[in-house]
Amino acid sequence: MVTLAHKQSEAVFRAIADPTRRRILGMLRGGKSTVGEIAGNFRASRPAISKHLRVLRAVGLVVTKREGTTRICQLNAEPLRAVDNWLRDYQDLWRESLRSLKRHVESDR
């Protein structure tokens with residue numbers, strides 16, 4: 001049975017699979033930006049960047065609010081916990097691989 005949490009985490013993975021969206025998230029790590037400021041950092045058209053922002057908003061990674069006629073975008077990193085949780089299993093594997101490598105290198109001395 002597929003849970004709602006599983007569907008949400010799958011949507012986050014799909015959203016961050018796109019390099020443009022990852023760049024947008026990276027920009028927003030530095031603080032709030034308007035849609036125009038974000039779009040100004042890309043060769044893509046503003047409507048194309050707006051589509052990327054819609055995808056990021058749909059999964060909760062970007063929150064926008066209106067200030068007059070301007071839309072201010074802000075990062076919400078909470079949904080990225082799904083990625084962190086998924087990576088944890090692999091971090092344990094990597095740590096063990098590094099320990100094995102260290103033991104091997106030290107045994108050759």
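The values are calculated or read from the model by the stated rules, or taken from the named source; none is laboratory data. All values derive from a computational prediction rather than experimental measurement. We place every Cβ from the backbone using ideal geometry, glycine too, and count neighbours over all the protein chains shown. Keep in mind that these areas ignore ligands, DNA and RNA; they rest on the heavy atoms of the full protein, side chains included. Shrake-Rupley method; radii C 1.70, N 1.55, O 1.52, S 1.80 Å.
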### Message
Suppose we filter the stretch 79-109 for residues that are surrounded by 10 or more Cβ atoms within 10 Å (Cβ to Cβ) and among the aromatic types (Phe, Trp, Tyr); how many remain?
### Response
2
### Message
Just to be sure I understand, how many residues within the stretch 49-78 are without any contact (Cβ under 8 Å) to a residue 12 or more places away in the chain, open to solvent by less than 90 Å² (accessible area, probe 1.4 Å) and assigned to a helix (DSSP H, G or I)?
### Response
1
### Test: residue in the stretch 76-88 that is polar (S, T, N, Q) and farther than 29 Å from residue 4 by Cα
no
### Query
Scanning the stretch 15-27 for residues that are touching a residue at least 12 places away in the same chain (Cβ under 8 Å) and open to solvent by 50 Å² or more (accessible area, probe 1.4 Å), which turns out nearest to the chain's Cα centre (by Cα)?
23
